[in-house]
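Engineer: What follows is a single structure, and I will ask about it in a moment.
Readers should treat all values here as calculations from the given coordinates under stated rules, not as data from a laboratory. No experiment lies behind these values; they were computed from the predicted model shown. Please note: Cβ atoms are built from the backbone with ideal geometry, for glycine as well, and neighbour counts cover all protein chains shown.
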Amino acid sequence: MAFSQYIYLSLLILCFFISLSQYVKYGQAYTYKVLFFLLGFGVFTEVIQFYMQETSNKNVGFIYHFYNPIEYILYAFLYLDFYISTKAKKTLLWSIPIYLIFAILGSLFVYGILDGKKDAHNHIIGDPLKVILPLYYLYELYNDDSQESVIILPMFWISVGTMFFFSLVAVFMSIRVELSSLDKELERTLHFWLNTVPNYVMYIMYSIGMLWHRQ
Amino acid sequence: MAPSIEHLVLAISIGAFLFLLLTSFIVIFLLLQKRKYQANQKKTAAMQAAFQQEILQTQLEVQNLTMQQLGRELHDNIGQLLSVLRLNLNVLEETVEDEGTRGQIAESNQIVEQTIADVRALTKSLDGDFVKDFGFIDSLSHELQRIRKTRRYQTEITTSGTPYSLGYQHEIVLFRIAQEVINNALKHAAATTLHVSVGYEPTNFGITIKDNGKGFDYEGIMRNELSKSGAGLRNIQRRAELIGGKCVVESKINEGTTVCIKIEHFPVGN
């Protein structure tokens with residue numbers, strides 16, 4: 001396992017513990033409860049993935065067939081509490097079964113869950129949805145006249161991190177695919193910048209948001 | 001260029017563009033949100049000020065109406081009864097033959113006459129229409145004259161410049177403020193001398209009411225938000241602000257009090 005991956009995992013675990021401590025500190029607040037599950041599930045998945053990669057040296061892309069739908073559900077529930085518009089809340093709730101149907105059908109019939117392939121539907125459907133969720137939250141935040149400063153809100157940082165990561169990761173993944181067909185060595189060299197750095201940015205943003213929390 | 005390199009360049013360009021777009025979006029979002037919040041704060045403050053002014057305006061209207069009604073009651077009821085009493089005393093004075101009793105009746109008649117005059121003066125003082133009909137200066141002079149007539153106080157009014165009308169709304173508010181300041185000076189400061197100076201400058205109107213009373217710690221009173229005197233003074237200041245004026249109070253213990261109100265005047269045609 002590369003050093004950068006250790007840092008990534010450490011950052012993820014740190015983020016998870018911050019969410020846990022904030023969950024306890026703020027009287028089991030809904031946001032931290034969802035974040036605790038989201039980050040906990042992320043830690044769990046990444047640890048299994050790294051372990052399997054180290055021990056069996058197999059392609060473990062199938063893990064993401066399970067991880068991504070659950071991740072989307074948790075993101076949806078996270079934003080559900082923050083959306084003001086009832087219409088948006090309803091749409092958000094409806095997006096969960098629709099996404100799940102696409103994910104299950106994609107995994108079973110298109111991408112082959114056991115072939116070790118990554119679930120491309122995640123990047124086609126999931127990523128734009130995960131960008132729309134924080135984008136709509138920011139839109140409602142902008143329209144909220146009572147909000148003095150948005151940078152004191154944990155959800156602002158979390159939204160910015162989520163939006164950056166999921167909008168960039170889809171493009172970066174395609175760069176990696178193109179690179180791997182051109183120059184494998186270059187692809188490995190740039191892997192850090194194209195995959196790990198966006199993850200760093202996202203979890204650093206999450207940590208800032210959670211630690212920046214002002215009541 | 002080979003297709004893969006083309007794709008790579010395209011993907012990198014899209015990635016870089018997206019990154020810049022997102023960064024710009026967040027920066028613009030923060031700037032716009034801050035600007036919107038500040039604009040909203042200003043709007044809320046303006047609305048609060050307008051609301052306060054409306055409350056004050058209503059208070060003044062109610063006060064004016066109550067005073068007018070009180071004045072009318074005094075004039076129509078007490079005044080009439082006193083007039084009837086005076087008539088009766090006149091009749092009685094003519095019918096009684098005893099010199100001693102006649103003298104007593106004549107004395108009573110004089111007292112009733114004085115009371116009628118006082119009630120009339122008070123009626124005028126309470127009546128807001130008096131300001132409308134006779135103007136600010138005459139109303140204020142009448143008010144001071146009424147006080148002077150009690151022979152317990154000395155009053156003086158001086159004017160400078162060519163008098164002009166500030167409009168009924170402004171003048172009635174100023175008159176009520178002056179009445180309150182004078183009343184405070186007599187009632188709370190135990191003043192014996194009152195000097196009122198009114199200045200009509202082309203672009204500024206000013207009225208200064210000075211007394212020789214016991215004075216008070218102005219700063220201390222204004223600091224204490226719950227103080228009754230502080231509330232009264234704040235109310236005077238708010239009323240002055242309501243007509244676009246500024247009220248300055250200067251007071252020192254045992255050195256009397258000076259209340260000065262200044263209003264910008266915009267001559268008609270400017």
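Engineer: For the protein assembly as shown, state the semi-axes of the equivalent ellipsoid (square roots of 5 times the eigenvalues of the alpha-carbon gyration tensor), sorted largest first and rounded to whole angstrom.
Structural biologist: The equivalent ellipsoid of the protein assembly as shown has semi-axes of 87, 23, 20 Å.
Engineer: Next question. Considering the options B:ILE253, B:LEU92, B:LEU194, tell which one lies farthest towards the positive end of the dipole of chain B, charges being +1 on Lys and Arg and -1 on Asp and Glu at the Cβ, about the Cα centre.
Structural biologist: B:ILE253
Engineer: At 0.36 nm per residue, and after removing the present C-alpha to C-alpha distance, how many nm does the segment from B:VAL27 to B:GLN69 gain when stretched out fully?
Structural biologist: Fully extending the segment from B:VAL27 to B:GLN69 adds 8.9 nm.
Engineer: On to the next question. Just flag the GluC sites (Glu not before Pro) in segment B:72-166 sitting in loop per DSSP whose Cβ has no more than 16 other Cβ atoms within 10 Å.
Structural biologist: B:GLU97
Engineer: Would you order B:PHE19, A:PHE36 from fewest to most other beta-carbon atoms within 10 Å of each residue's own beta-carbon?
Structural biologist: Neighbour counts put them in this order, fewest first: B:PHE19, A:PHE36.
Engineer: How far is it, in nm, from the label point at B:ASP76 to the one at B:THR192 when both lie 7 Å from their Cα along the line to the Cβ?
Structural biologist: So the two model labels end up 4.2 nm from each other.
Engineer: Here's something else I'd like to know. Considering the dipole of the protein assembly as shown built from charges on the beta carbon (Lys and Arg +1, Asp and Glu -1) around the Cα centre, which of A:LEU182, A:SER19, A:PHE109 is farthest to its positive end?
Structural biologist: Sorting the options by dipole projection puts first A:LEU182.
Engineer: Segment A:62-211: D in µm²/s via Stokes-Einstein (Kirkwood Rh, Cα pairs, 25 °C, 0.890 mPa s)?
Structural biologist: 147
Engineer: In addition: Which ³J(HN,Hα) values, rounded to whole Hz and listed in residue order, are derived for segment A:85-102 from phi using the Karplus coefficients 6.51, -1.76 and 1.60 in 6.51 cos²θ - 1.76 cosθ + 1.60 with θ = phi - 60°, glycine and proline given as x?
Structural biologist: Computed from phi, the couplings for segment A:85-102 are 5, 5, 4, 5, 5, 5, 4, 4, 5, 5, 5, 5, x, 5, 5, 4, 4, 4 Hz.
Engineer: Calculate one ³J(HN,Hα) per residue across segment A:197-210 by plugging θ = phi - 60° into the Karplus curve 6.51 cos²θ - 1.76 cosθ + 1.60, and present them in order as whole Hz with x for glycine and proline.
Structural biologist: With coefficients 6.51, -1.76 and 1.60, one gets 4, x, 5, 4, 4, 4, 6, 5, 4, 4, 5, 4, x, 6 Hz.
Engineer: Here is a follow-up. Would you calculate, for chain A, the mean residue ellipticity at 222 nm contributed by helices, counting each DSSP H stretch of 4 or more residues as -39,500 (n - 2.57) and dividing by all residues, to the nearest 500?
Structural biologist: -25000 deg cm²/dmol
Engineer: Could you give me the ³J(HN,Hα) list for segment B:48-65, computed from phi with Karplus coefficients 6.51, -1.76, 1.60 and θ = phi - 60°, whole Hz, x at Gly and Pro?
Structural biologist: 5, 5, 5, 5, 4, 5, 5, 4, 4, 4, 5, 4, 5, 4, 5, 4, 4, 5
Engineer: Tell me, in nm to one decimal, what length is gained between B:GLN169 and B:ALA39 on full extension, where the rule is 0.36 nm per residue of separation less the Cα-Cα distance?
Structural biologist: Between B:GLN169 and B:ALA39, full extension yields an extra 43.6 nm.
Engineer: May I have the pair-distance distribution P(r) for segment B:135-270, computed from all Cα-Cα distances with 10 Å bins from 0 and rounded to whole percent?
Structural biologist: 12, 44, 33, 10, 1
Engineer: Please give the FRET efficiency for B:ARG238 paired with A:LEU108, using the beta carbon to beta carbon distance and R0 = 51 Å, rounded to the nearest 0.05.
Structural biologist: 0.10
Engineer: Wrap a convex hull around the Cα atoms of segment A:9-64, take a quarter of its surface area, and give that in square nanometres.
Structural biologist: 3.9
Engineer: Another one. List every residue whose amide H lies under 5 Å from the amide H of B:THR193, counting only residues 5 or more places away in sequence or on a different chain, with H placed 1.01 Å from N in the peptide plane.
Structural biologist: Excluding prolines and chain starts, which carry no amide H, the hits are B:GLN154, B:ASN212.
Engineer: Moving on to the next point. Can you compute the charge dipole magnitude of the protein assembly as shown about its Cα centre, using +1 on each Lys and Arg Cβ and -1 on each Asp and Glu Cβ, nothing else charged? Give it in debye, rounded to the nearest 20.
Structural biologist: 1260
Engineer: Let me ask something additional. Suppose each label sits 7 Å from its Cα in the direction of the beta carbon; what would the B:LYS252-A:ILE7 distance come out to in nanometres?
Structural biologist: 7.1
Engineer: Oh, and also: Please give the length that would be gained between B:PHE134 and B:THR159 if that part of the chain were fully extended, namely 0.36 nm times their separation in residues minus their C-alpha to C-alpha distance (nm, one decimal).
Structural biologist: 7.4 nm
Engineer: Let me ask something additional. Of A:SER159, A:SER56, A:SER107, which is the most mobile in a GNM of chain A whose springs link Cα atoms less than 10 angstrom apart?
Structural biologist: The residue that fluctuates most here is A:SER56.
Engineer: Taking 8 Å as the Cα distance limit and 6 or more residues as the minimum spacing, I'd like the relative contact order of segment B:135-270 as a percentage.
Structural biologist: Value for segment B:135-270: 23 percent.
Engineer: If we count other beta carbons within 10 Å of each Cβ, what is the order of A:MET155, B:MET47, A:MET173, fewest first?
Structural biologist: Final ranking by Cβ density, sparse to dense: B:MET47, A:MET173, A:MET155.
Engineer: If the elastic network links every pair of Cα atoms under 10 Å, which of B:GLN110, B:GLN68, B:GLN41 fluctuates the most in the Gaussian network model of chain B?
Structural biologist: B:GLN41
Engineer: With no solvent and one equal point scatterer placed on each C-alpha of chain B, evaluate the Debye formula and give log10 I(q)/I(0) for q = 0.16 Å⁻¹, two decimals.
Structural biologist: With one equal scatterer per Cα and no solvent, log10 I(q)/I(0) is -1.26.
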